1. Give the residue that is surrounded by the fewest Cβ atoms within 10 Å (Cβ to Cβ), with candidates limited to residues of segment 94-110 that are assigned to a strand (DSSP E or B) and within 16 Å of the ligand (Cβ to nearest atom).
2. When you scan segment 20-88 for helices (runs of 4 or more DSSP H) that lie fully inside it, which ones turn up with 1 or more residues that are in contact (Cβ under 8 Å) with a residue 24 or more places away in the chain and under 11 Å from the mean Cα position of the chain (by Cα)?
3. Of all residues in segment 71-93, count the ones that are surrounded by fewer than 16 Cβ atoms within 10 Å (Cβ to Cβ) and either of a type in the set (Val, Ile, Thr) or over 21 Å from residue 16 (Cα atoms) (or both).
4. All but one of (1) free of Cβ contacts under 8 Å to residues at least 60 places away in the same chain; (2) more than 15 Å from the ligand (Cβ to nearest atom) hold for residue 113; state the number of the condition that does not hold.
5. Under 6 Å between Cβ atoms, at least 6 apart or on separate chains: pull out the pairs that start in segment 275-289 with a residue that is without any contact (Cβ under 8 Å) to a residue 12 or more places away in the chain and end on any residue that is small (Gly, Ala, Ser) and surrounded by 15 or more Cβ atoms within 10 Å (Cβ to Cβ).
6. Having 2 or more residues that are under 21 Å from residue 64 (Cα atoms) and modelled with pLDDT of 95 or more is the bar; report the helices (runs of 4 or more DSSP H) wholly within segment 115-202 that clear it.
7. Within segment 162-186, restricting attention to residues that are crowded, with 17+ Cβ neighbours inside 10 Å and hydroxyl-bearing (Ser, Thr, Tyr), which residue is nearest to the ligand (Cβ to nearest atom)?
8. Do you know which residues across segment 254-299 are part of a loop (DSSP other than H, G, I, E, B), modelled with pLDDT of 95 or more and under 27 Å from residue 239 (Cβ atoms)?
Amino acid sequence: MQGKSLELARRVLRLRYWQLLINEDLKQKLFVVPVHCAIGHEAIAIAVSDSMGPLDQLVLSHRNLAYNLARADGLDGIRDEFLHRGAGLCHGHLGSMNLVNRARGIVYSSSILGNNIPVACGFALAKQVRGLGGVVIVLTGDGAMEEGPFYEGLVFAKSHNLSLVIVVENNNQSMASTISERRCSISLADLCRSLAIPFATLSGNDVMDYTVEVKRLAERATDASTPVCLEVHLAALNQHAGPTPGWPTDPKTISIDNGLTVEPTTSDPVFVLRRQLGPDLFDELIREVTPGPAQSSRA
Ligand SMILES: Cc1ncc(C[n+]2csc(CCOP(=O)(O)OP(=O)(O)O)c2C)c(N)n1
């Protein structure tokens, strides 16, 4: 395996480790803010982060933890933010759902579904008008895309030739409901085709493939001055918010004592990595990224 692939693998494993530590903190009720973990979303978060150059900007949603951790130098600044401390990434002022990291290109996060799409359009329009270069990447979900601003944003971005990558994390979950429980199905491919917006999908949680594809789409958005839309099929292996498990009868159980793999299926990017790396290399990388409790033998 090449150096770049190994580095991506390390980053996925470190991100999973940090999220598991946050989940343990949540079980202890340490935080006053509601944290939305994204265990299962690591492959796309690392791919997006890896694609970003110094001029690029990332606009996030309430479920921004994986992206913020992927762009952070360590866990402490984010943990301190959740603990409402002055040492926090945003001095304890923004908490979890609105967390940003301007120095690393995360310019806005929103707790209001759909709100971040027009804001991202504004960032992209400003780039175009001021000739600043770079691309804006905006994150939304299969629930948030039901909001009017999603459609309005697509139309606005296409009408103004904005270099915008819209990433739809389709985890088939909006709070406690699946898509079929709450609405008709929506073909994003057809919707984008009707607007002449390039569209792509990803599934399977292969961080190497994801990285190539996100980079390709970001370059297309920049080179062709167009919005592009990427639908990523994935699973949130944790509960909507707070700790997992969150109550005594919770069907989902996650514990750092069980190692970094949460589910033995391709829904888990860590499981996918184990298959790609083989058990020995996988264990070696886990030892590198987990100085604490998640030891390789339990991964
Ligand atoms: C305008 C608005 N309506 C409702 C909510 C409450 N709410 C918070 S998260 C959420 C589900 C979002 O689902 P999705 O966009 O698929 O993201 P996920 O949580 O699955 O990552 C809802 C309904 C909100 N924050 N804003």
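1. Filtering first and then ranking leaves 108.
2. Those helices (runs of 4 or more DSSP H) span 42-51, 65-71.
3. Qualifying residue count for the region: 6.
4. Of the numbered conditions (1) free of Cβ contacts under 8 Å to residues at least 60 places away in the same chain; (2) more than 15 Å from the ligand (Cβ to nearest atom), the odd one out for residue 113 is (2).
5. Pairs that qualify, where the first residue is without any contact (Cβ under 8 Å) to a residue 12 or more places away in the chain and the partner is small (Gly, Ala, Ser) and surrounded by 15 or more Cβ atoms within 10 Å (Cβ to Cβ), are 287/296.
6. Here the list reads 116-130, 148-159.
7. 174
8. Scanning segment 254-299 gives 254, 255, 259, 260, 261, 262, 263, 264, 265, 266, 267, 268.
The values are calculated or read from the model by the stated rules, or taken from the named source; none is laboratory data. Every value quoted in this text rests on a predicted model; they were computed, and no experiment measured them. A quick note on method: Cβ atoms are made from the backbone with ideal geometry, for glycine too, and the neighbour counts reach across all protein chains shown.
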